[in-house]
Amino acid sequence: MAKRPVTASGIVEPAWKVLLPTPAERKIAAEHWRRITEEMSSRETLSTSNGHALQRLVLAYLVYDRCSRQVADDGIVTEPSADNPKAIARLSIYFKAMREAENTAERLEAQLGLSPGRRAKVAKVTKPRDRSASADAFLGSRTG
């Protein structure tokens, strides 16, 4: 089994093959993942705790794309069945799912500091520092 790519911050890229049915979607997901992690890494806002939120964001992008293709093909309104005289036209379930994916993506982008309005409000990830004083080298480390 091939190793999955790991970012500089130690986040392992999700197993898209397990999560997504088609090679085309897996490729698009990997491109989204790479773009987002590079952007967050360059701004120093990428942390290992962001991994699952990033996965959900990429999946929200893909669900939005799937549903928008379906809405483009079928339309926003689902026509009533001709067999049922009581049936009425309804909003497409794909349109509803597309709106939900959009809301999810917007929320996650804001939480991760990817939306322009929230970039300044997201703090940089603090890296743990190994603090030592000059005296530590002279005295040796204290244990216990």
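Annotations for the structure displayed:
- Whole-Hz Karplus values for region 26-40 come out as 4, 5, 5, 4, 4, 5, 4, 4, 4, 4, 5, 5, 5, 5, 5 Hz, taken residue by residue from phi with 6.51 cos²θ - 1.76 cosθ + 1.60 and θ = phi - 60°; glycine and proline positions read x.
- Distance cut-off 19 Å, percentage of C-alpha pairs in region 27-88 lying past it: 52
- For region 100-116, 3J(HN,Hα) per residue [Karplus equation, 6.51 cos²θ - 1.76 cosθ + 1.60, θ = phi - 60°, Hz, x = Gly/Pro]: 5, 5, 5, 4, 5, 4, 4, 5, 5, 4, 5, 4, 8, x, 8, 7, x
- Extension gain from E102 to R43, taking 0.36 nm per residue of separation minus the Cα-Cα distance: 18.8 nm
- Each residue of region 88-97 was assigned a 3J(HN,Hα) from its phi angle through the Karplus curve 6.51 cos²θ - 1.76 cosθ + 1.60 (θ = phi - 60°); the sequence is 10, 5, 9, 5, 4, 5, 5, 5, 5, 5 Hz, with glycine and proline shown as x.
- Legend: Rg and Dmax of region 52-109, from Cα coordinates, 14.3, 47 Å.
- Amide hydrogen neighbours beyond the local backbone of T78, cut-off 5 Å, H modeled: R90, L91, S92
- Using R0 = 22 Å, the C-beta based FRET efficiency linking A30 and S115 works out to 0.50.
Only the coordinates and a few stated rules stand behind these numbers; no lab work does. Since this is a predicted model, take the numbers as computed values, not measurements. Reconstructed Cβ throughout: ideal geometry from the backbone, glycine too, with neighbour counts over all protein chains shown.
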